[in-house]
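The values are calculated or read from the model by the stated rules, or taken from the named source; none is laboratory data. All values reported here derive from a predicted model rather than from experimental measurement. Here Cβ is always computed from backbone atoms with ideal geometry, including for glycine, and neighbour counts include all displayed protein chains.
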Amino acid sequence: MARRHHHSVYVVELSLDVLAEPAFRRANPDYVSGKPCVYVGMTGLSPDVRFDKHKAGIQANRFVLRYGLHLVPALYSMYNPMPYLGACEMEVELAIALREEGFGVWQA
């Protein structure tokens, strides 16, 4: 029996306060003022569960822990679910695409 794909990419909108973080600003030299700031990640959990873990400080990205507002399913749900390697690649591709649109993006 084939294994069911269960990995996902996800996007979390971050408060614009993240722009005060020097590392975030350095990672986004072409940020367009007024565009959203986001975190792009991948997980073997559901995006909702993963977001809750970030906010609870469990394997959390510091920007999501401090500035994470909510998930943005319109930016990722069409890609999920997928195999692990596909999610690894899509995480990077989605971050690049959003950065090209002027978003502030953190992808670790």
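All but one of (1) acidic (D, E); (2) touching a helix residue (DSSP H, G or I) at 6+ places or on another chain (Cβ under 8 Å); (3) touching a residue at least 60 places away in the same chain (Cβ under 8 Å) hold for E21, so report the exception by its number.
The failed condition is (3).
One residue is enough: does segment 67-77 have a residue meeting the conditions farther than 17 Å from L14 by Cβ, of a type outside the set (S, T, Y) and in contact (Cβ under 8 Å) with a residue 24 or more places away in the chain?
To start, the set of residues in segment 67-77 that are farther than 17 Å from L14 by Cβ comprises 77.
Those still in the list that are of a type outside the set (S, T, Y) too: none.
Checked against the condition, which is being farther than 17 Å from L14 by Cβ, of a type outside the set (S, T, Y) and in contact (Cβ under 8 Å) with a residue 24 or more places away in the chain, segment 67-77 yields no hits at all.
In segment 44-65, which residue that is under 15 Å from V12 (Cα atoms) and touching a residue at least 40 places away in the same chain (Cβ under 8 Å) is surrounded by the fewest Cβ atoms within 10 Å (Cβ to Cβ)?
Looking at residues that are under 15 Å from V12 (Cα atoms) and touching a residue at least 40 places away in the same chain (Cβ under 8 Å), I get N61.
If a residue must be outside any helix (DSSP H, G or I) and either modelled with pLDDT under 95 or closer than 16 Å to L45 by Cβ (or both), how many such residues does segment 83-108 contain?
2
For segment 1-28, enumerate the residues that are within 15 Å of the chain's Cα centre (by Cα), among the hydrophobic types (A, V, I, L, M, F, W, C) and either part of a loop (DSSP other than H, G, I, E, B) or crowded, with 18+ Cβ neighbours inside 10 Å (or both).
Answer for segment 1-28, where residues must be within 15 Å of the chain's Cα centre (by Cα), among the hydrophobic types (A, V, I, L, M, F, W, C) and either part of a loop (DSSP other than H, G, I, E, B) or crowded, with 18+ Cβ neighbours inside 10 Å (or both): V9, V11, V12, L14, V18, F24.
Just need a number here: residues in segment 44-65 that are part of a helix (DSSP H, G or I) and in contact with a helix residue (DSSP H, G or I) (Cβ under 8 Å, 6 or more places away or on another chain). Outline the logic, then answer.
The initial filter retains those residues of segment 44-65 that are part of a helix (DSSP H, G or I), namely 47-55, 62-65.
When the remaining residues are screened for being in contact with a helix residue (DSSP H, G or I) (Cβ under 8 Å, 6 or more places away or on another chain), the result is 47, 51, 54-55, 63-65.
Number satisfying all stated conditions: 7.
Among the residues of segment 69-101, write down those that are under 26 Å from D17 (Cβ atoms), surrounded by fewer than 19 Cβ atoms within 10 Å (Cβ to Cβ) and out of contact with any Pro (no Cβ under 9 Å at 6 or more places or on another chain).
L69, H70, A74, V92, I96, A97, E100, E101, listed by residue number.
Answer yes or no: is there a residue in segment 29-43 that is in a helix (DSSP H, G or I) and touching a residue at least 24 places away in the same chain (Cβ under 8 Å). Can you show your working first?
To start, the set of residues in segment 29-43 that are in a helix (DSSP H, G or I) comprises none.
No - not one qualifying residue is present in segment 29-43.
Can you name every residue in segment 29-45 that is over 11 Å from the mean Cα position of the chain (by Cα) and of a type in the set (S, T, N, Q)?
The answer is S33, and nothing else.
Just checking, which of M1, M78, M42 is out of contact with any Ser or Thr (no Cβ under 6 Å at 6 or more places or on another chain), modelled with pLDDT under 95 and over 13 Å from V105 (Cβ atoms)?
Answer to the check: M1.
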